[in-house]
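A quick write-up on the structure given underneath.
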Amino acid sequence: MALTAYADADHAGFQDTRRSTSGSAQFLGDKLVSWSSKKQQSTSISITEAEYIAMSGCCAQILWMRSQLTNYGFDFNKIPMYCDNRSTIALCCNNVQYSRSKHIDIRHHFIREQVERGVVELYFVTTDYQLADIFTKALPRQRFKFILPRLG
């Protein structure tokens with residue numbers, strides 16, 4: 001049985017505060033077992049930062065789920081996490097501090113450590129197949145109808 005996750009974010013979706021929304025979905029096999037839609041605590045300068053924060057939160061949830069499921073005899077190697085932003089994936093996989101990312105709060109670098117340890121593995125997914133998209137913003141009817149059955 002596989003444990004997988006999708007993480008996404010909008011950028012500055014809240015008109016009054018310009019904060020972003022993190023969304024995530026965690027699956028055990030093909031069943032949705034956990035999801036989240038949460039306003040981020042700080043204002044992100046870029047979509048990459050907003051997605052990085054969403055990935056970090058999703059990773060924390062996946063690790064908690066893994067620890068609980070391990071107690072029941074499940075074993076998980078590299079847990080796949082899906083993101084629709086290549087820059088965010090590069091930031092998570094590269095331990096270099098760039099001028100454009102040095103302002104990101106240290107607590108969000110948690111995901112980078114998990115990637116380095118081989119606990120999670122990040123994959124790019126096109127926005128069309130990003131299942132966490134439904135948790136970040138209102139979607140057009142067609143898109144909503146596409147995602148909903150895939151969530152179970």
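Based on other C-beta atoms within 10 Å, arrange Val120, Val115 from fewest to most.
Neighbour counts put them in this order, fewest first: Val115, Val120.
Using 0.36 nm times the number of residues separating Asp75 and Phe144, minus their current alpha carbon distance, what extension gain do you get?
21.5 nm
Could you give the nm distance between label points at Phe110 and Leu151, where each point is 7 Å from its Cα heading toward the beta carbon?
Between Phe110 and Leu151, the label points sit 2.3 nm apart.
Applying 1/(1 + (r/R0)^6) with R0 = 25 Å to the Cβ-Cβ distance of Leu28 and Arg117, what FRET efficiency is obtained, to the nearest 0.05?
The value I calculate is 0.70.
So, counting K/R as plus one and D/E as minus one, what does the shell of residues with Cβ under 11 Å around Cys58 add up to?
Numbers: positive: Lys38; negative: Asp8, Glu51.
Net charge in that neighbourhood comes out at -1.
How do Ser36, Ser67, Ser24 line up, fewest other C-beta atoms within 10 Å first?
Values: Ser36 16, Ser67 9, Ser24 27.
By the 10 Å Cβ count, ascending: Ser67, Ser36, Ser24.
Can you say what percent of the DSSP beta bridges in the stretch 3-151, counting only those with both residues inside, are antiparallel? Round to 5. Can you show the working numbers first?
Working: 15 of 22 bridges.
The antiparallel proportion sits near 70 percent.
Multiplying the sequence separation of Lys39 and Ser67 by 0.36 nm and subtracting their Cα-Cα distance, what value in nm do you get?
7.5 nm
If each residue's Cβ is checked for other Cβ atoms within 10 Å, how do Phe76, Phe14, Phe135 rank with the fewest at the top?
Result, fewest neighbours first: Phe14, Phe76, Phe135.
What does the charge count near Leu3 come to, summing +1 for each Lys or Arg and -1 for each Asp or Glu among other residues with Cβ under 12 Å from its Cβ?
Here the count lands on 0.
Could you work out how much longer the chain between Arg86 and Gln15 gets when fully extended? Use 0.36 nm per residue separation minus the Cα distance between them, nm to one decimal.
That pair, Arg86 and Gln15, stretches by 23.0 nm at full extension.
Read through the labelled values [x] 30, 17, 12; [y] 23, 21, 13; [z] 20, 18, 16 and report the label of the one computed as semi-axes √(5λ) of the Cα gyration tensor in Å from the structure.
[y]
Computed from the coordinates by the stated procedures, all read-outs in this text should not be read as laboratory data. Just so we're clear, the structure is a prediction, and the values are computed from it rather than from any experiment. Virtual Cβ from ideal backbone geometry, glycine too; neighbours counted across all protein chains shown.
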